[in-house]
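A.B. asks: Have a look at the structure that comes next, please.
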Amino acid sequence: MRIGRTLPPAAAPIHFRDLLSGIAGIIRGQRETERFRDELRDYFGVPHCYLVSSGQAALTLILLALKEVAPQRDEVLIPAFTCYSVPASIVASGLKVRLCDIDPQTCDFNFEQLQTLLEGKRLLGIVPTHLFGLPADVARLKKITEGRGVFLVEDAAQAMGSEWEGEKLGTLGDVGFFSLGRGKALSTVEGGVILTRCDKLGRRLDQAFARIEEYSVLQTLTLFIYALALTVLMRPWLFWLPKNLPFLRLGETVYETDFPLRKLTGLQAGLARNWRHKLKGFQKTRCARVSEWHSFFLPFSFLVRLPASTPLLRFPMILPTADSARMILASGARRGLGIAPSYPSAVHHIPELASGFVGQEFPAAAEVVRRLITIPVHGYVGRNDRKKIFSLFSQVKDGPQ
Ligand SMILES: *Cc1c(COP(=O)(O)O)cnc(C)c1O
């Protein structure tokens, strides 16, 4: 156990003034969530926007709406390497998970394999994912799925506020969502945003949204206490504390299909107040860190392909071997450097799902699980931390490729 300065792997800090806006938001209630929703609609240029309790809840609501639009279809195609919440939402919506391997160079779909998975009439949706904030090629996906009646559900959970060729991520597919969870681009403790231009889907989402529950007073109070704790404890000189409290399960990935579907509270909308300005500030810092890491790691041959100046959420790297990844993770943890593994297993190896994928292999996803690590790019990463991270990596630079 480490006591002392410890960086979180990702951070979009909540400040005390945000807490005050949060309290004002509780008082303003629905007016505050409507303000946040209208600002989002305006900024992203979409007519339909819904605010819910998590990214997972957002995806679930989207899938339930899609199911009503195309009831004869019941499969959703996702990358074999992604957040556990994605397959969990599909299962929670009563749909079937289908997998496509990834391209380890981009963390996007392996498009050759994807081509072979489009036949048949059961595919309801495909979920292109901007993992770590790396933009997925939604335009290419659009081209190859054109006329097939398949919906593109853009998982922009980690990419709020980023753009690709002048277009805002989250608005490229038929429908998209962001997460406002801890460790995402912008955080309201927990929360999710759905965006769509499609009116037909908007009508279904209106109905689905009207049916979900509100947070109770007690749940709102708990959220506030959690926000207060995050405000204090996400600072590097205190983060070792929550990190060592096992019941908080920080950094753990859980597969859970029994999660709440709720409407975002005035508290959370209040915490998000001034979000465009905050997001811009965070993005600027992340961009600067990303280009620094990028130039530092160029001589190493294990970079994923990065578009120029993308404000990633975490800087991903695929190390030469699983052993070198383990070594870096262990020494990084001892020094509190915020270097983190990604997901603990590929989707087809998640224990609750594995029986559905017997005989199917997604080797790139399985390999990336063992070799991908991420380096923090948030504003708490100081000069000294950077030096320590640099020197850590100098040790593996000359290792086996
Ligand atoms: C975080 C995340 C989600 C789910 O968002 P929550 O708010 O945690 O439910 C979905 N997809 C990806 C890629 C994520 O990183």
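A.B. asks: Select the strands (runs of 3 or more DSSP E) contained entirely in the range 113-195, then report the ones holding at least 1 residues which are polar (S, T, N, Q). Lay out the reasoning, then the answer.
C.D. replies: Working: elements: 123-126, 151-155, 175-179.
Strands (runs of 3 or more DSSP E) meeting the threshold: 175-179.
Yes/no matrix, rows are residues, columns are (1) over 22 Å from Phe178 (Cα atoms); (2) touching a Lys or Arg at 6+ places or on another chain (Cβ under 7 Å); (3) surrounded by 15 or more Cβ atoms within 10 Å (Cβ to Cβ):
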| residue | (1), (2), (3) |
| --- | --- |
| Leu267 | no, no, yes |
| Val304 | yes, no, yes |
| Ala325 | yes, yes, yes |
| Arg335 | yes, yes, yes |
| Ala354 | yes, no, no |
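A.B. asks: Quick one: which residue in Gly149, Gly166, Gly181 is assigned by TED's automatic domain parsing to the domain that holds Pro47, within 22 Å of Val97 (Cα to Cα) and not charged (D, E, K, R)? Talk me through it step by step, then tell me what you get.
C.D. replies: Numbers: Gly166 fails: within 22 Å of Val97 (Cα to Cα); Gly181 fails: within 22 Å of Val97 (Cα to Cα).
On inspection, the qualifying residue turns out to be Gly149.
A.B. asks: Take the residues in the range 165-202 that are away from the ligand (no atom under 16 Å from the Cβ) and hydrophobic (A, V, I, L, M, F, W, C), then tell me which one is surrounded by the fewest Cβ atoms within 10 Å (Cβ to Cβ).
C.D. replies: Per the criteria, the residue is Cys198.
A.B. asks: Closer than 28 Å to Glu213 by Cα, within 16 Å of the ligand (Cβ to nearest atom) and not aliphatic (A, V, I, L, M) - does that describe any residue in the range 91-110?
C.D. replies: Yes, some residue in the range 91-110 is closer than 28 Å to Glu213 by Cα, within 16 Å of the ligand (Cβ to nearest atom) and not aliphatic (A, V, I, L, M).
A.B. asks: Show the residue pairs that are 6+ apart or on different chains and have beta-carbon atoms under 7 Å apart, the first residue being within the range 169-190 and in contact (Cβ under 8 Å) with a residue 40 or more places away in the chain, the second being of a type in the set (Asp, Glu) and part of a loop (DSSP other than H, G, I, E, B).
C.D. replies: Qualifying pairs under 7 Å: Leu180/Glu190; Gly181/Glu190.
A.B. asks: Checking Tyr255 against (1) assigned to a helix (DSSP H, G or I); (2) under 30 Å from His349 (Cα atoms), which test does it fail?
C.D. replies: (1)
A.B. asks: Working only within the range 318-369, note down all residues that are touching a residue at least 12 places away in the same chain (Cβ under 8 Å) and on the phi > 0 side of the Ramachandran plot.
C.D. replies: Gly336, Gly338
A.B. asks: While we're here: Residue check: is Leu118 surrounded by 22 or more Cβ atoms within 10 Å (Cβ to Cβ) and away from the ligand (no atom under 16 Å from the Cβ)?
C.D. replies: The answer is no for Leu118.
A.B. asks: What pairs can you find where one residue is in the range 33-47 and within 12 Å of Leu195 (Cα to Cα) and touching a residue at least 24 places away in the same chain (Cβ under 8 Å), the other is surrounded by fewer than 17 Cβ atoms within 10 Å (Cβ to Cβ) and of a type in the set (Asp, Glu), and their Cβ atoms are less than 9 Å apart, with a gap of 6+ or different chains?
C.D. replies: Matching pairs, first to second residue: Pro47/Asp199.
The values are calculated or read from the model by the stated rules, or taken from the named source; none is laboratory data. Bear in mind the structure is a predicted one, so any value in this text is a computation, not a measurement. All Cβ positions, glycine included, derive from the backbone under ideal geometry; neighbour counts span all protein chains shown.
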